[in-house]
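All remarks here apply to the structure that follows.
The values are calculated or read from the model by the stated rules, or taken from the named source; none is laboratory data. These figures come from a predicted structure and were not determined experimentally. Cβ placement follows ideal geometry from the backbone for every residue including glycine, while neighbour counts extend to all protein chains displayed. For the accessible areas, the whole protein counts, side chains as well, though only heavy atoms, and no ligand, DNA or RNA atoms are used. Shrake-Rupley method; radii C 1.70, N 1.55, O 1.52, S 1.80 Å.
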Amino acid sequence: MAYAAFRSIGAYVPSKILSNEDLSKMVDTSDEWITKRTGIKERHIAASDEFTSDMGAKAATLAIERSGLDKSEIDMVVCATISPDYFCMPSTATIISTKLGLGNVTAFDISAACTGFVYVLSIAKAFIEAGMKKNVLIIGAEKLSAITDYSDRGTCILFGDGAGAAVISATENKEEAIIDIHTGADGKFADLLMTPDGGSGSAHDTLEQEASSCFMQMKGNETFKVAVKTLTKDVIDILRENNIQSADIKHFVPHQANLRIIKAVGDALKLKDEQVVLTVAKYGNTSGASIPMAINDIYESGKLQAGELMLLDAFGGGLTWGSALVPFSPLK
Ligand code: COA
């Protein structure tokens, strides 16, 4: 039987920084409020001519280089994004594949908001274990600034842009394989976090369409409470089901939405500070890109070594959630 191994990581962060100080000149907020309630100090914003696919392609280029594989060996590309280059088609994954010169591959996007990277990881694992694909490039890429209302202080302080990517490959060695992945969703919480306009669900006459924006809207406080409850249960469950102790986790890599959510889940698992990967202060919430960007951070700073176990967890619009137990298993 084929197993799926997490071979490599890459990320891209656009150069422009939007600080809390900058935001306090745009809406009624302050660095003190944002820092205290979210842990975010700044976020990066893509240039106007820099698209989600551009950022995804840059992250993916690094991930492929670091995988030790030739790009011709990639046979599937899956991109998690809620800010695709084009809302209906083509998919951002197909655009990225072409930018990378991958030729004929299976390519598609998935929409699971901030849980997107855990979802694409589960898709890669399933295709590989079924024997249908051998080397899957998974990407989380977001230009959230394109769907953020910069007059809404409840959301605009949270989000940033960026991309991360990983190569997942078939292996016969169970020791280096992804151990388990949980994914879940519950549409009864759909209105907590959504982009109400721009889709076929918008209330407008389709024959006389008005220009509509596609901005995110969020009930932050309710989202916060459901996030803490759901994530805590999910990570406790995945550890128990796989007979793994919190102390065995080398790197807890949570979705970087809010420092208080991360701390609440980390405390529930009794994790030490050095086990918890934090990038929320410098990148804010980059939705589907946040987990691979955080993994890339520990990789580039030399903290992520072969064989070390990561626990990923994420939560987002849908609502969706997920967690994964992933050993880092580079080929080189
Ligand atoms: N600056 C200053 N004040 C703000 C503010 C801002 N940017 N945003 C909201 N406020 C105000 C509110 O208007 C409210 O004022 P009031 O008490 O006079 O009515 C007060 O701060 C408290 O608002 P509340 O929404 O209860 O704050 P909170 O502690 O829940 O923090 C979030 C707000 C958005 C930071 C927090 O709810 C959060 O992070 N939620 C989860 C977000 C998330 O993770 N979303 C993505 C899922 S992937």
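Exactly one residue out of Lys263, Lys282 is part of a helix (DSSP H, G or I), closer than 19 Å to Phe224 by Cβ and either open to solvent by 10 Å² or more (accessible area, probe 1.4 Å) or free of Cβ contacts under 8 Å to residues at least 12 places away in the same chain (or both): that is Lys263.
Restricting Ser97, Ser53 to those that are crowded, with 23+ Cβ neighbours inside 10 Å and in contact with a Lys or Arg (Cβ under 8 Å, 6 or more places away or on another chain) reduces the list to Ser53.
Would you check if Gly288 is under 15 Å from Thr38 (Cα atoms) and in contact with a strand residue (DSSP E or B) (Cβ under 6 Å, 6 or more places away or on another chain)? Considered against the rule, which asks whether it is under 15 Å from Thr38 (Cα atoms) and in contact with a strand residue (DSSP E or B) (Cβ under 6 Å, 6 or more places away or on another chain), Gly288 comes out as no. Pairs meeting the criteria (first residue in the stretch 218-231 and within 16 Å of Lys263 (Cβ to Cβ), second residue assigned to a helix (DSSP H, G or I) and open to solvent by less than 50 Å² (accessible area, probe 1.4 Å), beta carbons under 8 Å, at least 6 apart or on different chains) are Phe224/Ile261; Ala227/Ile261; Val228/Ile261; Val228/Ala264; Val228/Val265; Leu231/Ile261; Leu231/Val265.
Just so you know, in the stretch 241-260 the residues that are away from the ligand (no atom under 16 Å from the Cβ) and part of a loop (DSSP other than H, G, I, E, B) include one that is surrounded by the fewest Cβ atoms within 10 Å (Cβ to Cβ), and it is Asn243.
One line per residue, one yes/no per condition, for (1) part of a loop (DSSP other than H, G, I, E, B); (2) more than 16 Å from the ligand (Cβ to nearest atom):
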{"site": "Pro14", "(1), (2)": "yes, yes"}
{"site": "Met26", "(1), (2)": "yes, no"}
{"site": "Ile40", "(1), (2)": "yes, no"}
{"site": "Cys79", "(1), (2)": "no, yes"}
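Can you say whether Lys272 is farther than 22 Å from Thr35 by Cβ, open to solvent by 10 Å² or more (accessible area, probe 1.4 Å), at pLDDT 95 or above and over 14 Å from the mean Cα position of the chain (by Cα), as far as the supplied structure shows? When the stated conditions are applied, Lys272 passes them. In the condition set (1) out of contact with any strand residue (DSSP E or B) (no Cβ under 9 Å at 6 or more places or on another chain); (2) part of a helix (DSSP H, G or I), Leu231 is compliant with all but (1).
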